[in-house]
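Data first, discussion second: the structure below is written as structure tokens.
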DNA sequence: ATCTTAAAGTAACACTTGTCGCATTAAGGA
DNA sequence: TCCTTAATGCGACAAGTGTTACTTTAAGAT
């Protein structure tokens, strides 16, 4: 019944429970997600607790545990709420432009305040809910961005048969590696640099065959 | 007095405490680090706790908290103990060979059992001790590997003026990104593929100027 | 308007994490 | 051998995380 729940596997079919997504349920979610953003913004990921979120949202912590399970589930839901906006990959007219714009967006998301994406990634190492949320994030983003490679092929910038996923990973991985794993400070030139490197590798045949 | 302790900042100078690194202190460390490896191997990172390590090591948990502070401190110390072995970067005779060998080592480390490196990275998102350990890991490894780029320049495979650090990051980031952040299963071809992409980018001038 | 019941609140409970003052053990210098 | 004291053990305590059975509120169908 929580937003992140899924049907249990191998259960015998039972009459479906009638859910009540009306007024109070929806209002509680809004209050809780607002509280998560506020707590994250003011106190950071390390001090984000179910107790603090519940208190600020004005709901009981048992309610939060019941619907979201843990801090990771909260972050996954905040991220999901922020993503329900029909995002489309950049379309600048060139492969390098598209990849650079994508990387600028990723760097902005990773360094945003409150740090929702950064917190979700951090939480994914300790919460199954957050790990599931991050998995959906990557799968969705990489799938949607394959159109960047498709357009480049149509423009003749890439040969048909280019492995889109491998190119996209090469074009984004150094950014994530530096900002998330190495924890180096963001640099305005980093997104362009990483995009340019991937384009040079692609032109040299790195992602074909 | 714990292995990972550092001098507090801005303290007035005081007579140095005389430490006693003899028999019991050293034996306790050995027992505790063995317990960490055993617990990690048998129960995984998610169930690694100070309580479980202390019990298995036969020491009091107050001792573990006093010396290592948290699970992250334990993992950092285990990693440090494993690294005191004079590791040198691969030297295969070619840039691509060196980078591929390096990536094979990294993939082996990330998928090893017990998963010390994977656990340390995961812990780095919740423990300052682990974050410090991971920072040292990256700094040390990237610094030591710059010799790979130096040798390639001497062989004429790369132009002088190549940014070694940027090349090394491009040559390793996609591996870490996929294994750690995307959590895709390791593939035997991945290390070579990522190395080859970086070499093609380098030959195309991605890391000069 | 009434009835059924999903969703939330309550508060007590259980468990885990982490700390601390004092006691004991043993490292190391004289 | 003796003395000082760093390191460890003890066990009590505090705080936080997470759960649960029962009660209350309100969503939604009739």
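The values are calculated or read from the model by the stated rules, or taken from the named source; none is laboratory data. Note that this is a predicted model, so its numbers are computed, not measured. Backbone-built Cβ (ideal geometry, glycine too); neighbour counts: all protein chains shown.
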Test result for residue A:91, loosely packed, with under 14 Cβ neighbours inside 10 Å and in contact with a helix residue (DSSP H, G or I) (Cβ under 7 Å, 6 or more places away or on another chain):
yes
Residue A:184 - would you say it is in contact with a helix residue (DSSP H, G or I) (Cβ under 6 Å, 6 or more places away or on another chain) and within 11 Å of chain B (Cβ to nearest Cβ)?
yes
Is it the case that residue A:23 is surrounded by fewer than 13 Cβ atoms within 10 Å (Cβ to Cβ) and modelled with pLDDT of 95 or more?
no
Does residue B:209 satisfy the criteria of being more than 8 Å from every other protein chain (Cβ to nearest Cβ) and either touching a strand residue (DSSP E or B) at 6+ places or on another chain (Cβ under 6 Å) or modelled with pLDDT of 95 or more (or both)?
no
Which listed residue, of A:54, A:76, A:81, A:100, is assigned to a helix (DSSP H, G or I), modelled with pLDDT under 95 and in contact with a helix residue (DSSP H, G or I) (Cβ under 7 Å, 6 or more places away or on another chain)
A:81
Regarding residue B:118, is this residue crowded, with 20+ Cβ neighbours inside 10 Å, within 16 Å of DNA strand C (Cβ to nearest atom) and either assigned by TED's automatic domain parsing to the domain that holds residue B:189 or under 30 Å from residue B:201 (Cα atoms) (or both)?
no
Answer from A:155, A:144, A:151, A:166 - the residue that is more than 11 Å from chain B (Cβ to nearest Cβ), within 20 Å of the chain's Cα centre (by Cα) and touching a residue at least 24 places away in the same chain (Cβ under 8 Å)
A:144
Hits in segment B:169-181 - residues which are farther than 19 Å from residue B:143 by Cα and more than 8 Å from every other protein chain (Cβ to nearest Cβ):
B:179
Taking segment B:57-73 and keeping residues buried (at least 16 other Cβ atoms within 10 Å of the Cβ) and either assigned to a loop (DSSP other than H, G, I, E, B) or in contact with a strand residue (DSSP E or B) (Cβ under 7 Å, 6 or more places away or on another chain) (or both) leaves B:59, B:69, B:70
For residue A:48, work out the one condition from (1) within 14 Å of chain B (Cβ to nearest Cβ); (2) under 30 Å from residue A:169 (Cα atoms); (3) within 16 Å of DNA strand D (Cβ to nearest atom) it doesn't fulfil.
(2)
Given the criteria within 16 Å of DNA strand D (Cβ to nearest atom) and modelled with pLDDT of 95 or more, does residue B:40 qualify?
no
